[in-house]
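First up is the structure itself, then whatever we jot down about it.
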Amino acid sequence: MATRSGLPASEVDAALSHCDANQMSMNLCAWREQIVAEQKLEQVVEGKAAVSASCKAAIEKRLTAWKTRRDANCKKSASREWGGGSMLPTAVAMCKTAETERMSKAIEASGCR
């Protein structure tokens, strides 16, 4: 996360160990949860891809469109709720996490056609 955030690793570690310490900590913790949810989604996709190459292609096509909608919808709903305030990045990340977790469950439950 330090590499992706551009912050020193020690600063990221400190922020992640106290998620409610300040706004940066809240943002980083929400971002971490989003990354974890996206990694889980990737694992689910890879599990389905093991079934067949066509399954993987179908899921990846579905995910491409879904991610575009998810990102736009989360930004819109967070902006509506928080305006341009300091909670906006946290709210967007929390929304993306929830939507990604829902998609993981949907893909897990679906058969590959």
Practice prompt. Go through segment 30-56 and give me each residue that's among the acidic types (Asp, Glu) and surrounded by 16 or more Cβ atoms within 10 Å (Cβ to Cβ).
Written response: GLU33, GLU38
Practice prompt. Only residues in segment 44-64 that are in contact (Cβ under 8 Å) with a residue 12 or more places away in the chain count as the first member; pair them with residues that are among the charged types (D, E, K, R) and in a helix (DSSP H, G or I), Cβ under 6 angstrom, at least 6 apart or cross-chain, and list the lot.
Written response: VAL44/GLU108; CYS55/LYS48; ILE59/LYS48
Worksheet item: Do we have LYS40 as without any contact (Cβ under 8 Å) to a residue 60 or more places away in the chain, of a type in the set (Lys, Arg) and in a helix (DSSP H, G or I) here?
Response: no
Fill in: Subset of segment 81-113 (residues that are charged (D, E, K, R) and outside any helix (DSSP H, G or I))
ARG113
Worksheet item: Inside segment 48-79, can you point out the residues that are at pLDDT 95 or above and either acidic (Asp, Glu) or not in a helix (DSSP H, G or I) (or both)?
Response: ASP71
Worksheet, complete the sentence: Within segment 60-89, the residues that are over 30 Å from CYS112 (Cα atoms) and surrounded by 15 or more Cβ atoms within 10 Å (Cβ to Cβ) are LYS75, ALA78, TRP82, MET87, LEU88, PRO89
Practice prompt. Please find, among SER10, SER25, the residue that is part of a helix (DSSP H, G or I), loosely packed, with under 13 Cβ neighbours inside 10 Å and out of contact with any strand residue (DSSP E or B) (no Cβ under 6 Å at 6 or more places or on another chain).
Written response: SER10
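The values are calculated or read from the model by the stated rules, or taken from the named source; none is laboratory data. Source: prediction; values computed, not measured. Every residue, glycine as well, gets a Cβ built from its backbone with ideal geometry; the counts of neighbours run over all protein chains shown.
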